[in-house]
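Please read the structure below before turning to the comments.
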Amino acid sequence: MTQTARPPRTDGHGLAARVSLGRLFVPPTTEFVLIVSTALVLTVFGWVMVLSATSAKPDPWDGAIKQGIFALIGIPLMLLISRLPVKFLGRIAWPALIGATALQLLVFVPGLRVSSYGNTNWINIAGFQLQPSEFLKLALALWIAFVLLRKRARLGIWHHVFIPVVPVSALVIGTVIGGGDLGTAMVLVLVVLGCLFFSGVKLRLFILPLIGGLVAVLFYALSSRNRMDRILSAFNPDDCDKTGPCYQAVHGIWGMANGGVFGVGLGNSQEKYGWLPAAENDYIFAIVGEELGLIGCVLVLALFAVFAIGVFRIVRRSDDPFIRIAAGGIGVWILGQALINIGVVLRVFPVMGVPLPFMSQGGTALISVLAACGVLLAFARTMPPSDAPVAPGATPRGAASAAAGRVAR
């Protein structure tokens, strides 16, 4: 018996199956592409420069292998976090902040703490050296965003803005200052100010914590002769002792000058041969300038600029206050830290010991910044396509954001 061909289905189930299948292949948003691409390129670029900067050491592969291992941990972690629901990220804000603060308190435990260049913000556990303060940056951004989300209808009242954000943030930053790390403390202050700014609080309420933060940083700087020497050297570089406080700063700028426009070639840096002690860490940008010249420096700045576009597109297009505040705080952290690091290398700022995100050697710093990128990618997944039509009667996201800001004020 001849089997007849089955006629095409016309009951609508075939269309539903095709729609369900199509949801599995939703194209990534522009924000997602901008952030993930720049994060990956900067991480790989940073690994290459770490390999080059450590090639003059007795064990040239040790630093690069460690950095590569942390990158292989951080990149899958970033992609895993990018799949988490936004509501889940809000729910873990309190536990994340408490856990990160508890980990930071271990720097005060004898036998675990590790000191370097006057700072005691590292711990050694089972042979692994960690910097817990790096995890505080992401945890603090998520926590402030969660708290201000709950208070979004009362952000025009000063005590609802300050409590508990300012006291808890001051306590968290105090644990870092207790270890002597002024650079990381300043980055944490930037995170707090960035979250407050993007929450839409009144300008006068934003200025008060800004002034308080500046006063606290100034007081802390004045309390140490070593910090004051580094700060004053930035304002009077000609009279600074090039064999003392300004040794590394001078060799960093010499390396940049030696690179010129096109650089001396990848791997051909002279400063990394003992002249620049932190070549693979805080002064990795100086090695980029020496080996790849002005072109390499502009490339790094362009990558961070593209990253900034992706972050602030999320802030501008999202109508979720939690996403706007957290993304704004993370963006201010990563971009502000990059500007501080580059400014230190160019001798615009005093030496602070702040690493260049994605690029400086340091496993904890790399994993924390890639985890933060994972959070940004989770936010980016909630963005509609740029050309998505607005349903009749719906409020566009930009208008919703503006309306939320007016309500907050």
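As an exercise, take the mean of 1/r over every pair of distinct alpha carbons in the stretch 21-168, invert it, and state the Kirkwood radius in angstroms. If you can, show how the numbers build up before the last one.
Numbers: mean 1/r = 0.0531 Å⁻¹.
Taking the inverse mean of 1/r over all distinct Cα pairs, the stretch 21-168 comes out at 18.8 Å.
Using a probe of 1.4 Å, the accessible surface attributed to Tyr273 totals some 130 Å² when neighbouring protein chains are kept in position. Each Lys or Arg adds one and each Asp or Glu subtracts one; over the other residues with Cβ under 12 Å from the Cβ of Lys66, this totals -3. Of the listed residues Met352, Met359, the order by accessible area with a 1.4 Å probe, largest first, is Met352, Met359. Placing +1 on the Cβ of every Lys and Arg and -1 on the Cβ of every Asp and Glu, with nothing else charged, gives the stretch 106-190 a dipole about its Cα centre of roughly 420 debye. Computed from the C-beta positions of Val215 and Val41 and an R0 of 51 Å, the FRET efficiency is 0.85 to the nearest 0.05. If R0 is taken as 41 Å, the Cβ-Cβ distance between Ile207 and Leu84 corresponds to a FRET efficiency of 0.75.
Full extension of the chain segment joining Ile295 with Asn124 gains 57.7 nm, where the gain is 0.36 nm per residue of separation less the Cα-Cα distance.
Near Thr120: Cβ cut-off under 11 Å, other residues only, Lys/Arg at +1 and Asp/Glu at -1. The net charge is 0.
Could you tell me the calculated FRET efficiency between Leu77 and Tyr273, based on Cβ-Cβ distance and R0 = 35 angstrom, to the nearest 0.05?
Details: r = 35 Å, r/R0 = 1.00.
About 0.50, to the nearest 0.05.
The values are calculated or read from the model by the stated rules, or taken from the named source; none is laboratory data. Predicted, not measured: the structure shown is a model, and the values here were computed from it. FYI the Cβ positions are ideal-geometry reconstructions off the backbone, even for glycines, and counts take in every protein chain you see. Areas reflect the complete protein model, heavy atoms only, side chains present, ligands, DNA and RNA absent. Shrake-Rupley method; radii C 1.70, N 1.55, O 1.52, S 1.80 Å.
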